[in-house]
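> Okay, handing you the structure first.
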Amino acid sequence: MTNQVTARLRGPADLAESIPYNLGFQPENSIVLAGIDGDGCMAGLIRMALPESGDVEQAADEAMAALISVYVGHGVDLHRIAIALYRDPAADTDRSIIVDALAPLAESLTKAAEEDAIGVMEALLVSDGAWSSFFCTKPDCCQTKGTPVRGMDNPGPVGTALIVAGRTVASGRSALEAKIRPAGGTDTTSFHAALSTAEANPLPEMARYDLLHRCLACAASGDRPSEEEAAQLIVALTDREFRDLALSYSEPAERSAAVRLWQDLAARIGKPRRHLAAAPLVLLTWNSWLYESPAMAMVALREAQAVDPMYEMANRLEELFMINADPAGVQDVLREVRTEWEFDRGVVGRDQADWQAPKMGEGSDPQ
């Protein structure tokens, strides 16, 4: 679920244009369900993979159940939605074949929504950079090849508003996921051993504090912490109080280094301890959101929920996105957490000037 920039959708062209900005990336083989408020603006958005095969009615029911649970769980009324089905075509695949293949799913999604008293404003197919409506019944209305989706090079009013608000579109979700997952999906032998050692010999409180500063300094310089330091910090983050302290390192001058560090830690943790990635993924979500990188924020949030569905902080962040919350209030709370933590322990906040990375271009993802 993403927080949205308020912009009234005037029709299917605006819907097709706005979805990638609000997701932060180009969907690939996806079902996208968007809540639409009474003013015709997008009010929440979820994405899930297209079913590869099987019962389309079951897939539609599961998709609608997921959507409703998110809205109901966050106390948001849902009365109207828009549906968009994204399919990456194989070479030389005729569009009509894709339309025929996905029409039953669009119909089942529409039926499932209506059974829950939810109106469906539109149901689109987006494929090969063009959109067409499953609701269109006029042969001369939707072109055989579809209508091109407007992009950043030729935005409409909605796209312009989103660009002005700082939204960007990454090339694809899979490229972002690759940044936060280990190659091959498993720990290296040496890192597995480092995690075992760190779990058996957890650092005392002040040593964790010093380690956090050292690792941020390392990230700010463009380097990576050693395997031993990374493992110790990952284990330290299993302590909720220390995790909350780490969340407070999200001031404007700190975010670049923080994003680099948490992305690096998340990408190191594979099977069988992938659940330990929930904490650095949540830290990456928070800093990426503040850093105007919604694509990475949402990919990291969904990965955190996948590796540990019961991780409370991930679900709390989803709620903030859902209600389009102003993060300023949360930052004030985190500043108090940091100040009180240091005061209670009789330490003066470390001089961070040596590890605060130069501010990058607005909306860019630190690499």
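The values are calculated or read from the model by the stated rules, or taken from the named source; none is laboratory data. If you're wondering where the values come from, they're calculated on a predicted model, not measured in any experiment. Heads up, the Cβs are rebuilt from the backbone with ideal geometry, glycines too, and the neighbour counts pull from every protein chain shown. With ligands, DNA and RNA removed, areas are computed over all heavy atoms of the protein, side chains included. Shrake-Rupley method; radii C 1.70, N 1.55, O 1.52, S 1.80 Å.
> Which one of these is hydrophobic (A, V, I, L, M, F, W, C), under 26 Å from I163 (Cα atoms) and touching a Phe, Trp or Tyr at 6+ places or on another chain (Cβ under 9 Å): I36, I31?
I31
> Can you confirm whether A314 is open to solvent by less than 40 Å² (accessible area, probe 1.4 Å) and free of Cβ contacts under 8 Å to residues at least 40 places away in the same chain?
So A314 passes the test.
> Now a separate question. Can you find a residue that is in contact (Cβ under 8 Å) with a residue 60 or more places away in the chain, part of a helix (DSSP H, G or I) and touching an Asp or Glu at 6+ places or on another chain (Cβ under 7 Å) anywhere in segment 224-242?
no
> Also, I was wondering about something else. Only residues that are open to solvent by 30 Å² or more (accessible area, probe 1.4 Å) and out of contact with any strand residue (DSSP E or B) (no Cβ under 7 Å at 6 or more places or on another chain): list them for segment 93-113, please.
T93, D94, S96, I97, D100, A101, A103, P104, E107, K111, listed by residue number.
> Which of the residues belonging to segment 172-192 are at pLDDT 80 or above, farther than 13 Å from V235 by Cβ, assigned to a helix (DSSP H, G or I) and open to solvent by less than 50 Å² (accessible area, probe 1.4 Å)?
Scanning segment 172-192 gives L176, E177.
> Considering every residue within segment 138-155, establish whether at least one is farther than 24 Å from N29 by Cβ, surrounded by 13 or more Cβ atoms within 10 Å (Cβ to Cβ) and modelled with pLDDT under 90.
Yes: segment 138-155 contains one or more residues that are farther than 24 Å from N29 by Cβ, surrounded by 13 or more Cβ atoms within 10 Å (Cβ to Cβ) and modelled with pLDDT under 90.
> Those residues that are open to solvent by 90 Å² or more (accessible area, probe 1.4 Å) and in a loop (DSSP other than H, G, I, E, B), I need them from segment 39-62; list them, please.
Scanning segment 39-62 gives D39, E52, S53.
> From the residues in segment 10-19 that are of a type outside the set (A, V, I, L, M) and open to solvent by 10 Å² or more (accessible area, probe 1.4 Å), which one is nearest to A84 (Cα to Cα)?
Only one residue fits best here, namely P12.
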